[in-house]
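J.: Quick one: the structure is below, questions incoming.
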């Protein structure tokens, strides 16, 4: 079955049959309609059942066949004309069945030529003679020519005027009927048709003898009286056509609404079809003019309407030209000719359809753009129009969209020019891909906690709206434009350098327009380099960004060792007191003392002015060491890099390092006391506490080693390596402010995560704090042992002096009362309450003997050392299994000689029930050792554990 567009074929077939099916004036309307329907059904069935031609579709072959026929019959002139028409046909992009057209025309040329009228009349007279004389026998013997003619039952032969009009030049040549046609008569039908025709001829000859007066007196027939009124003529429609094309109602063509055109009901079908085609540009223009006249939309939307208005004015120019042609044609009409000779005048409705075809395509395209542009603005609207230019295959559509874009993008490029040269956002309708946020939006985005300062101006004031980025630029290009304008705005308002921005705008500003891609890209590149270089220069030289970062590293990250040592030594006496007895002026004075007595005095006054000592929030029971902190004040615009959050991170790292430094200072003081006392006071009591001092020196050495390795890891392996990476990122020639912000954020993340031993699975910070508290408690116990040793030395010296004095007086050196006095505690009451909390225990401790106090100190020190080593084992076990190689390296240097036995996390989970309340990390090996201890030793360890909890 042949495939075709059924609607188009049915329309064309309807028009064809109206012209080639002859009409009979004597036939009633029902019979004529029935005959027409039979012909229509037959033609449609033939087209539907037709198979594919068994011919190769070669347009050159069929053109050659036609050319040879024309050259043989018409000569070289007709052949040249055919070649001209052929080239015009091939150049038409709309037609896609060129081979079929040529094949159809070539097939029509093979049909026989219609018989002339005089030969048809002579053949009809011969047939009548045969019917009179020969009857049916003569009728049966028809000539070959008659056998192949179509049926003449309707009384019209091929030579009749009806057929001559049907097959005129503007129509088709006669197509012979085949044997299967419903109109092809059989042999018997031909005989009956001949008899009926003879009777009609005789009836037609009788009325001719009557006078013309009788004919005039006859009343009109019913058919003539019921003949419908003819509709408006084609010249009348042409006269109204210019108004219709402008969307205005006329006499014959009216607009009942903005989306409908009313046609006269009595128009013939061909004119209705043509007016339907002409109604499309009329309705499209009417809708587009209403859209253009509206005042809604932003700058880009109004520019879009202006571009559409310009195209509509071009369309009106076409209508004006068409109106002039119509008027000239109407002036040349001749009423004596058929259809008033409108065909010779040169203007018809069909030609108007052809002339307005391209304009109709433009109106159709504009209407489609208007429909799809609803709800779009700015960059979205530009992307919509650009999609017609970039992704549509029709070159006319692409050229039309490019023409519109040159007008629509003018407001966009004006906003772009102001943004990249002035740093100002001139976008009252929110059409640019950069949007300015209100204060409320900034607070909502930051959780109602504004960042404040230059950080808020740089990060939150402007946002890149990716939805508004037009497709005429890339996303990377848009980000670069966004950064240029934001930088200029920051230089103007954040850095206070508006004069440079104005000078730069005057020197570099240039006009930007659509289509000049190379100039636009070069302008963006130049503006990007200039603005970034200026901002980095301001941050480095005017606002001393690098000096502030260096000061933060020296003072808050303990990079200046001499300053920290002097500060801690000067504050040691006052920070040991309760926190509520600390005063800000005292801390400030000690800070200035540390600055004057260290290399910090050579720093700039701006840096020293920003350094300040303050106290954290106080809680009950805290001492000065717990609340003291240093602060380095950062103001705008440097706070865009060192943000308030970054300052909190610096403070967090400083507090941890200050606590480690405090433990190192306490251990160092204890070690110096041990070393100096070993050569003096302690050497006289070695018989009693010598073994205890050996153990304490070993334990202090272990703790000093741990603190030293921890400080080395934080200060050198973490902070120094991260600082080197930060310096490399800051000194890149092509770095931007965003690059500096990201580099500093990465630097802070590195020192807080690695420096504080951050981990998602393990709380290393809590473990380190417990270890530091244990070491501080051990230094207090060592101080108690030292006090006991000094008291013992003093007692012995006093006892020796008393013996010597008595001996010199002639008395005995010792009396009966001396042993009782010697047995009492030589320590002052405050030392006896070192491990007690209540007054009751203090009273009990006042009566403790010398051996009880020493035993209590030994238990306390042994428990703290055991607790320290157990916690070290747990910490090392966790560090070994960390994915970060630096943390694993820290575990290695802390236990380089395998003196500790790291405890794995899995083992500690299995032995959780055997751990102590102080979190000492006791293991099964410790339980077995306690089984071998005596009950008295176990009781002493329990007392030590409880005292350890009190101290913690």
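The values are calculated or read from the model by the stated rules, or taken from the named source; none is laboratory data. Keep in mind it's a predicted model, so treat the numbers as computed, not measured. Reconstructed Cβ throughout: ideal geometry from the backbone, glycine too, with neighbour counts over all protein chains shown.
J.: Residues in the stretch 885-902 that are more than 14 Å from residue 873 (Cα to Cα) and surrounded by fewer than 13 Cβ atoms within 10 Å (Cβ to Cβ): how many?
T.: Total satisfying the criteria: 1.
J.: Quick check on my filter: what residues within the stretch 351-375 are surrounded by fewer than 17 Cβ atoms within 10 Å (Cβ to Cβ) and more than 26 Å from residue 277 (Cβ to Cβ)?
T.: 374, 375
J.: Return the residues of the stretch 740-765 that are in a helix (DSSP H, G or I) and more than 13 Å from residue 642 (Cα to Cα); say none if nothing qualifies.
T.: 750, 751, 752, 753, 754, 755, 764, 765
Here's the yes/no breakdown for (1) assigned to a helix (DSSP H, G or I); (2) modelled with pLDDT under 85; (3) more than 30 Å from residue 716 (Cα to Cα); (4) touching a strand residue (DSSP E or B) at 6+ places or on another chain (Cβ under 7 Å):
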| site | (1), (2), (3), (4) |
| --- | --- |
| 799 | yes, yes, yes, no |
| 806 | yes, yes, yes, no |
| 819 | yes, yes, yes, no |
| 827 | no, yes, yes, no |
| 842 | yes, yes, yes, no |
| 848 | no, yes, yes, no |
| 877 | yes, no, no, no |
| 883 | no, yes, no, no |
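J.: Hey, another quick one. Might you check whether a residue that is over 45 Å from the mean Cα position of the chain (by Cα), in contact (Cβ under 8 Å) with a residue 24 or more places away in the chain and either over 30 Å from residue 867 (Cα atoms) or not assigned by TED's automatic domain parsing to the domain that holds residue 571 (or both) occurs anywhere in the stretch 647-659?
T.: There is at least one residue in the stretch 647-659 that is over 45 Å from the mean Cα position of the chain (by Cα), in contact (Cβ under 8 Å) with a residue 24 or more places away in the chain and either over 30 Å from residue 867 (Cα atoms) or not assigned by TED's automatic domain parsing to the domain that holds residue 571 (or both).
J.: Also, quick follow-up: Can you name the residue in the stretch 69-79 that is out of contact with any helix residue (DSSP H, G or I) (no Cβ under 7 Å at 6 or more places or on another chain) and surrounded by 11 or more Cβ atoms within 10 Å (Cβ to Cβ) and is also nearest to residue 9 (Cα to Cα) among such residues?
T.: 69
J.: Turning to a different aspect of this structure: Can you say whether residue 636 is in contact with a helix residue (DSSP H, G or I) (Cβ under 7 Å, 6 or more places away or on another chain), on the phi < 0 side of the Ramachandran plot, surrounded by 15 or more Cβ atoms within 10 Å (Cβ to Cβ) and not assigned by TED's automatic domain parsing to the domain that holds residue 569, as far as the supplied structure shows?
T.: no
J.: Which condition number does residue 484 fail, the rest of (1) modelled with pLDDT of 90 or more; (2) assigned to a loop (DSSP other than H, G, I, E, B) being met?
T.: Among (1) modelled with pLDDT of 90 or more; (2) assigned to a loop (DSSP other than H, G, I, E, B), residue 484 violates only (2).
J.: Quick check on the stretch 289-304. Is at least one of its residues under 22 Å from residue 326 (Cβ atoms) and in a helix (DSSP H, G or I)?
T.: So far as the stretch 289-304 goes, yes, one or more of its residues are under 22 Å from residue 326 (Cβ atoms) and in a helix (DSSP H, G or I).
J.: From the list 667, 682, 737, 756, pick out the single residue that is under 46 Å from the mean Cα position of the chain (by Cα), crowded, with 19+ Cβ neighbours inside 10 Å and at negative phi.
T.: Going through 667, 682, 737, 756 in turn, the sole match is 737.
A quick yes/no check of all residues on (1) surrounded by fewer than 17 Cβ atoms within 10 Å (Cβ to Cβ); (2) in the same structural domain as residue 626 (by TED's automatic domain parsing); (3) touching a strand residue (DSSP E or B) at 6+ places or on another chain (Cβ under 8 Å):
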| residue | (1), (2), (3) |
| --- | --- |
| 515 | yes, no, no |
| 521 | yes, no, no |
| 536 | no, no, no |
| 563 | no, yes, no |
| 571 | no, yes, yes |
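J.: In the stretch 249-275, how many residues are more than 19 Å from residue 315 (Cβ to Cβ) and either in contact with a strand residue (DSSP E or B) (Cβ under 9 Å, 6 or more places away or on another chain) or part of a loop (DSSP other than H, G, I, E, B) (or both)?
T.: Residues meeting the conditions: 11.
J.: Further question on the same structure: Which residues, counting only those in the stretch 288-334, are within 30 Å of residue 431 (Cβ to Cβ) and over 40 Å from the mean Cα position of the chain (by Cα)?
T.: Passing the criteria: only 316.
J.: Now, a different point. From (1) farther than 30 Å from residue 726 by Cβ; (2) out of contact with any strand residue (DSSP E or B) (no Cβ under 8 Å at 6 or more places or on another chain), pick out the condition that doesn't hold for residue 624.
T.: (2)
Listed here are the residues, each with its yes/no results for (1) in a helix (DSSP H, G or I); (2) within 27 Å of residue 396 (Cβ to Cβ); (3) in contact with a strand residue (DSSP E or B) (Cβ under 7 Å, 6 or more places away or on another chain); (4) modelled with pLDDT of 80 or more.
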{"site": "55", "(1), (2), (3), (4)": "no, no, no, no"}
{"site": "66", "(1), (2), (3), (4)": "yes, no, no, yes"}
{"site": "79", "(1), (2), (3), (4)": "yes, no, no, yes"}
{"site": "94", "(1), (2), (3), (4)": "no, yes, no, no"}
{"site": "104", "(1), (2), (3), (4)": "yes, no, no, yes"}
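J.: While we're here: Is it fair to say residue 62 is modelled with pLDDT of 80 or more and surrounded by 10 or more Cβ atoms within 10 Å (Cβ to Cβ)?
T.: yes
J.: For the stretch 356-474, which fully contained helices (runs of 4 or more DSSP H) count at least 3 residues that are modelled with pLDDT of 90 or more?
T.: Because the criterion is at least 3 residues that are modelled with pLDDT of 90 or more, the helices (runs of 4 or more DSSP H) in the stretch 356-474 that meet it are 357-372, 379-391, 395-408, 410-422.
Residue-by-condition table, conditions (1) loosely packed, with under 14 Cβ neighbours inside 10 Å; (2) in a helix (DSSP H, G or I); (3) not assigned by TED's automatic domain parsing to the domain that holds residue 268:
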site	(1), (2), (3)
8	yes, yes, yes
11	yes, yes, yes
15	yes, yes, yes
18	no, yes, yes
24	no, no, yes
46	yes, yes, yes
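J.: Next question, about the same structure. Output the residues belonging to the stretch 627-661 that are out of contact with any strand residue (DSSP E or B) (no Cβ under 9 Å at 6 or more places or on another chain) and either over 21 Å from residue 739 (Cβ atoms) or part of a strand (DSSP E or B) (or both).
T.: Passing the criteria: 635, 648, 652, 653, 656, 657, 659, 660, 661.
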